[in-house]
1. In whole percent, what relative contact order does chain A give with Cα contacts below 8 Å and a gap of six or more residues?
2. Counting pairwise Cα distances across region A:84-125, what percent come out greater than 12 angstrom?
3. Please give the helix A:115-143 orientation as an angle from the longest Cα principal axis of chain A, in degrees from 0 to 90, rounded to the nearest 10.
4. Any idea what angle helix A:8-33 forms with the longest principal axis of chain A, computed on alpha-carbon atoms, 0 to 90 degrees, nearest 10?
5. Taking only Cα atoms of the protein assembly as shown, what ratio of Rg to Rh do you get with Rh as the Kirkwood inverse-distance radius?
6. Semi-axes of chain B's equivalent ellipsoid from the Cα gyration tensor, sqrt of 5 times each eigenvalue, largest first, rounded to whole Å?
7. Given region A:36-100 reduced to its alpha-carbon atoms as identical point scatterers, what log10 I(q)/I(0) does the Debye formula return at q = 0.30 Å⁻¹?
8. For B:29-37, what's the mean count of beta carbons from other chains sitting within 10 Å of each residue's beta carbon?
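Readers should treat all values here as calculations from the given coordinates under stated rules, not as data from a laboratory. Quick caveat, the model's predicted, so the values are computed rather than measured. Cβ atoms come from the backbone with ideal geometry, glycine included; neighbour counts cover every protein chain shown.
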């Protein structure tokens with residue numbers, strides 16, 4: 001896969017996919033293995049989530065800024081019809097896990113699960129939807145490349 | 001899924017002084033990658049982009065995009 005075969009947007013999608021997987025992978029593993037159990041777990045999870053979110057924003061800004069600086073002409077190009085179509089289709093595919101995930105979370109609420117379980121379930125749904133969206137968009141980019 | 005039409009973009013680019021995909025993309029208003037996808041038959045462009053490509057080469061639409069499936073009975 002040559003660098004020149006990808007548009008700026010496809011490169012940013014690869015960055016988002018890798019950063020999301022690494023940061024949220026670390027978040028879920030770390031919060032289950034290293035955070036204190038008991039009532040303080042929820043607050044600690046919240047802090048870790050904030051730390052992870054800021055980490056994602058900083059990491060993506062630096063990497064995407066670096067990619068844009070290497071090829072500013074590409075970075076300033078507006079998305080064309082093919083890229084917009086890929087974006088819409090990817091977002092559409094992510095709708096299905098979002099709906100299933102929301103119903104699962106509603107079921108958890110009515111089943112009396114605690115707030116920590118609900119927090120991780122909601123976060124899991126959000127991350128899964130993002131991965132489906134970005135993953136399907138990357139698949140569409142590669143299929144048409 | 002294969003598209004029901006082919007195109008003569010590669011030939012027309014050659015005939016217009018080996019115009020690059022990037023140059024054609026710039027004149028049409030799409031990325032080089034989109035021109036490559038159209039040329040390889042992997043992406044079906046909108047009617048507007050198809051007309052813009054034909055206009056760049058100064059050809060009618062059906063000289064650039066050639067329908068291949070037989071007409072419905």
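1. In percent, rounded to a whole number, it is 35.
2. Numbers: 527 of 861 pairs.
More than 12 Å apart: 61 percent of the Cα pairs in region A:84-125.
3. 20 degrees
4. 20 degrees
5. Details: Rg = 23.1 Å, Rh = 20.5 Å.
Taking Rh as the inverse mean 1/r over Cα pairs, Rg/Rh reads 1.12.
6. Numbers: eigenvalues 85, 35, 24 Å².
Each semi-axis is the square root of five times an eigenvalue, giving 21, 13, 11 Å.
7. -1.04
8. On the way: counts 4, 7, 11, 5, 12, 6, 2, 3, 5.
Neighbouring Cβ atoms belonging to other protein chains average 6 per residue here.
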